[in-house]
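Reviewing the structure listed below.
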Protein chains: 2
Amino acid sequence: MTGPRRRVLELLLGAGEPVKAYDLIARFGTDGQAAKPPTVYRALEFLERQGMVHRIASISAYVACTGGGPAHAAAFLICDCCGATQEVHPARGDSFALAAEAAGYVIERTTIEGHGRCPACRVAA
Amino acid sequence: MTGPRRRVLELLLGAGEPVKAYDLIARFGTDGQAAKPPTVYRALEFLERQGMVHRIASISAYVACTGGGPAHAAAFLICDCCGATQEVHPARGDSFALAAEAAGYVIERTTIEGHGRCPACRVAA
DNA sequence: ACTTGTGATGTTATCTCATAACACCATTGG
DNA sequence: CCAATGGTGTTATGAGATAACATCACAAGT
């Protein structure tokens with residue numbers, strides 16, 4: 001865990017919600033100086049390999065992991081209203097995994113993201 | 001169903017696998033002329049609304065729908081080896097949907113994509 | 001027929017997201 | 001000492017997507 005990696009993780013943990021890569025780039029320097037893109041992307045790549053950070057493909061954003069061991073699979077519930085995101089852990093042998101098996105596929109990595117409304121926004125609407 | 005929309009759908013059906021937006025743009029003109037990006041992106045947006053095309057977020061590509069009614073949810077099995085993609089339809093009440101419900105989220109749209117190896121590539125390896 | 005509204009298209013420009021390529025530096029193990 | 005490895009800094013560019021505005025076709029209302 002080196003300087004840039006620590007800094008990116010720190011920013012993600014501080015945000016507590018998904019952050020866009022270029023927002024991380026902009027906030028990278030403690031003095032307000034932006035980082036160069038590869039600095040942040042390389043840190044994200046590392047943190048993702050470690051399972052400390054996840055990429056949320058449907059919104060091209062990154063979020064610090066909450067729970068789960070090293071290099072684990074994760075699924076996300078994302079509120080389109082307020083941006084809140086919750087990490088959940090799909091059960092082994094769920095219907096998607098079964099469908100994959102039935103089709104003869106060996107799945108190594110999943111992207112599972114649900115968009116909708118969180119409890120708070122559901123009430124507010 | 002207008003000209004550009006028909007053309008984009010035709011390209012996707014002809015490909016039979018996920019195609020990148022800029023590949024569609026490049027192949028758009030029957031005379032080899034490329035389209036302008038908005039032409040293709042607007043067609044994709046329309047086709048996606050109709051449920052005739054799906055976007056695969058994890059690889060930023062688009063694929064013609066195989067089965068499923070209008071505006072249905074879909075999940076994908078993607079072979080990282082040969083690019084083959086299979087559309088599957090998650091059962092209602094699978095573990096992800098249950099997790100969402102338990103968390104109080106109302107999910108309107110899902111992105112479910114599994115990466116791995118198709119039967120053919122699994123044997124080949 | 002006029003005209004008004006709507007939805008589609010064409011076009012230019014730009015924005016966002018991500019990576020290639022190369023130079024440099026530190027650590028480690030032969 | 002000196003490769004080999006892995007991390008970082010920097011420049012530049014590639015890839016994905018959309019904003020904004022002009023134009024066009026068509027149907028509905030008067």
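The values are calculated or read from the model by the stated rules, or taken from the named source; none is laboratory data. Computed from a predicted model, the values in this text were never measured in an experiment. Cβ coordinates were reconstructed from backbone atoms using ideal geometry, including for glycine residues, and neighbour counts include every protein chain displayed.
Some values worked out for this structure:
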{"quantity": "Residue that is farthest from DNA strand D (Cβ to nearest atom) [pool: residues in the range B:34-61 that are within 14 Å of chain A (Cβ to nearest Cβ) and outside any loop (DSSP other than H, G, I, E, B)]", "calculated": "B:HIS54"}
{"quantity": "Filter pass, A:THR110 being among the polar types (S, T, N, Q), surrounded by 17 or more Cβ atoms within 10 Å (Cβ to Cβ) and more than 16 Å from DNA strand C (Cβ to nearest atom)", "calculated": "yes"}
{"quantity": "Cβ pairs under 7 Å, 6+ apart, first in the range B:1-22 and assigned by TED's automatic domain parsing to the domain that holds B:ALA43, second surrounded by 12 or more Cβ atoms within 10 Å (Cβ to Cβ) and among the basic types (Lys, Arg)", "calculated": "B:LEU11/B:ARG27"}
{"quantity": "Residues satisfying the stated conditions in the range A:81-119, i.e. in a loop (DSSP other than H, G, I, E, B), farther than 27 Å from B:CYS79 by Cβ and facing chain B (nearest Cβ under 8 Å)", "calculated": "A:CYS118"}
{"quantity": "Matching residues, the range A:1-25, being among the hydroxyl-bearing types (Ser, Thr, Tyr) and within 14 Å of A:SER60 (Cα to Cα)", "calculated": "A:TYR22"}
{"quantity": "Pair list, Cβ < 8 Å and 6+ apart or interchain, from the range A:50-77 residues that are over 18 Å from A:PRO90 (Cα atoms) and hydrophobic (A, V, I, L, M, F, W, C) to residues that are within 11 Å of DNA strand C (Cβ to nearest atom) and part of a loop (DSSP other than H, G, I, E, B)", "calculated": "A:ILE59/A:PRO18; A:ALA61/A:PRO18"}
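Conditions tested, residue by residue: (1) closer than 23 Å to B:ARG109 by Cα; (2) within 12 Å of DNA strand C (Cβ to nearest atom).
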position	(1), (2)
A:GLY29	no, no
A:LEU44	no, yes
A:GLN50	no, no
A:ILE56	yes, yes
A:CYS65	yes, no
A:ALA75	yes, no
